[in-house]
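Here's the structure we're looking at; comments come further down.
The values are calculated or read from the model by the stated rules, or taken from the named source; none is laboratory data. Since the structure is predicted, the reported quantities are computational estimates derived from the model, not experimental observations. Neighbour counts are summed over all protein chains in view; Cβ atoms, including those assigned to glycine, are modelled from backbone coordinates with ideal geometry. Just so you know, the surface numbers come from the protein's heavy atoms only, side chains and all, with ligands and any DNA or RNA stripped out. Shrake-Rupley method; radii C 1.70, N 1.55, O 1.52, S 1.80 Å.
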Amino acid sequence: MKKLFLVLFVISSWLTVLPVTSMAQEAAISESPVKVVDAPQDETIESRLNDIKQALGGLESVNVKVKSGIVSLSGEVENSNAARSLIAIAERTEGVIYVDNQLMESVQVGARLQPIKDKFQELTGTTLQLMPLLLIALTVVVLFWFIGGWVSRRGDWLQRFGLSELGAMLGKRVIRLTITLIGLIIALEILNATALFSAVLGVAGVFGIALGFAFRNIVENYLAGILLSARNPFRIGDFIQINEFTGRVMRLTSRDTVLMTLDGNHLRIPNSVIITSSMTNFSLNPLRRFEFNVDISPDADLSEARKLAVQTLQKMKGILSEPPPQCIIHELGASTIVLRVYGWVDQLETDLLKARSEGIRFVKESFDAAAIVMPEPSYRLRLESAVPDAVATADSATFDTAPRQQREQKSDALEQVDVSADDTIDKQVDAELRSSDEQNLLKN
């Protein structure tokens, strides 16, 4: 039994001592020095960085010192890019632990301008070497530019395809620009600078988009002018109405259309407004109809009144018999019947406003002669006391009209006046066209 206890004691003691021994061995290993084989010396690192400094250029005043793997850079630098490159190389050099940057950028004007001078000298040397190729490329561009001008000046064949004057002019410019661009591409290919052309083309595209937004209204008016000159919806001297504007057409430019109003004023309407608005051209059809309303008493004979109005217009000078005049019952009012009278004129011979004015006068006099009353508006009055008979008699007397015999004599004396076409505005338009040299895309 004692032997058994002795054996167990020995085993437990051995297990306790074993971890302590392992820990001691690990501690001994961790404290042992780390040896580096063929580690770079400070002198070698310093020599290598000095060589690199000379190769970079512009760092002649920089001092490089290496001690215990720490690189110290000091002095003034003229080229900051070269200094940053030297610092980056030093940090990647084997054996360098830390880079102490004590460099200062030179503030002298000559030092600042030195990189620009070097770059200019480099460009000058490159340009002198490429001078023959530059002359050849420039000759190609000039040659294609002259060819584009020659072709555009002989672009009258574009109008043979139905293009308007403005459209043909735009086509000539596009042809000239296309030929010139082809010459420019060939010149850049000679100089091996097609990548530059792609970059310029991209910048031009962005710049073109910006200009498109900035001059959107001008571009819209220009394109609308091309469409108007191609469609020819009006001619010089046509009387047109666009929205609330009316006048005689004088000219069509690349940006707007110029009208002369009936007051003799110049009215400019943007082409984009004309192309997107409803337009009435009163001059395309020489025949034009006028109309006016006549109020008569409900007691009148409507058939006789309509017949009399038509017969009156038929007697007028300037009123066409075909299409014939018309008179319809337009509206039944509270105290009147409204008749609407229509008449046709030839605008080349008769002025519409004059004919309408005389038509109203003739119908009014004819109705007066036929005792067809055109009553004034009636009002209903309520009085607190009875109206005296004398007042009522006097009021009724005020509505008494002239004797019938006098009215009939007056109807036979209808005087015809001049209703010929008024060419006052036409003369002013002709005078304006003769005196102005402004662009006009319309032709007489």
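Any residue at all in the range 98-111 that's open to solvent by 50 Å² or more (accessible area, probe 1.4 Å), aromatic (Phe, Trp, Tyr), at pLDDT 80 or above and under 43 Å from the mean Cα position of the chain (by Cα)? Full working, then the answer.
Going through the range 98-111, the residues open to solvent by 50 Å² or more (accessible area, probe 1.4 Å) turn out to be 98, 101-102, 104-105, 107-109.
Remaining after also requiring aromatic (Phe, Trp, Tyr): 98.
Narrowing the set further to residues that are at pLDDT 80 or above leaves 98.
Still in the running and under 43 Å from the mean Cα position of the chain (by Cα): none.
No: the range 98-111 contains no residue that is open to solvent by 50 Å² or more (accessible area, probe 1.4 Å), aromatic (Phe, Trp, Tyr), at pLDDT 80 or above and under 43 Å from the mean Cα position of the chain (by Cα).
I'd like to check which strands (runs of 3 or more DSSP E) are fully inside the range 258-333 and have at least 3 residues that are touching a helix residue (DSSP H, G or I) at 6+ places or on another chain (Cβ under 9 Å).
On the way: elements: 266-270, 279-281, 287-296, 326-332.
Output list reads 287-296, 326-332.
Taking the condition over 40 Å from the mean Cα position of the chain (by Cα), at pLDDT below 90 and open to solvent by less than 30 Å² (accessible area, probe 1.4 Å), does Thr312 pass? Answer is no for this residue. Of all residues in the range 74-105, those satisfying the criterion of being polar (S, T, N, Q) and assigned to a helix (DSSP H, G or I) are Ser80, Asn81, Ser85.
Restricted to the range 223-250, and to residues there that are more than 25 Å from the chain's Cα centre (by Cα) and among the basic types (Lys, Arg), the residue that is modelled with the highest pLDDT is Arg248.
Within the range 93-109, residues that are closer than 18 Å to Asp42 by Cβ have Cβ atoms under 7 Å from residues that are among the hydrophobic types (A, V, I, L, M, F, W, C) and modelled with pLDDT under 80 in these pairs: Gly95/Ala39, counting only partners at least 6 apart in sequence or on another chain. If the condition is being part of a strand (DSSP E or B) and more than 11 Å from Asn281 (Cβ to Cβ), then the range 233-245 contributes only Phe245. Tell me, yes or no, whether the range 234-252 has at least one residue that is without any contact (Cβ under 8 Å) to a residue 40 or more places away in the chain, crowded, with 16+ Cβ neighbours inside 10 Å, of a type outside the set (A, V, I, L, M, F, W, C) and farther than 21 Å from Gln428 by Cβ. No, because not a single residue in the range 234-252 is without any contact (Cβ under 8 Å) to a residue 40 or more places away in the chain, crowded, with 16+ Cβ neighbours inside 10 Å, of a type outside the set (A, V, I, L, M, F, W, C) and farther than 21 Å from Gln428 by Cβ.
In this structure, Val20 does not satisfy being at pLDDT 80 or above and either in contact with a strand residue (DSSP E or B) (Cβ under 7 Å, 6 or more places away or on another chain) or in a helix (DSSP H, G or I) (or both). Of the residues in the range 193-213, not one is in contact with a helix residue (DSSP H, G or I) (Cβ under 6 Å, 6 or more places away or on another chain), in a helix (DSSP H, G or I) and at pLDDT 80 or above.
Look through the range 48-73, keep the residues that are open to solvent by less than 80 Å² (accessible area, probe 1.4 Å) and part of a loop (DSSP other than H, G, I, E, B), and return whichever of them is modelled with the lowest pLDDT.
Step one: filter the range 48-73 for residues open to solvent by less than 80 Å² (accessible area, probe 1.4 Å), giving 49-50, 52-53, 56-59, 61-62, 64, 66, 69-73.
Next, from what is left, pick out any that are part of a loop (DSSP other than H, G, I, E, B): 57-59, 61-62, 69.
On the way: Gly57: 72, Gly58: 69, Leu59: 75, Ser61: 77, Val62: 81, Gly69: 83.
Ranking the qualifying residues of the range 48-73, first place goes to Gly58.
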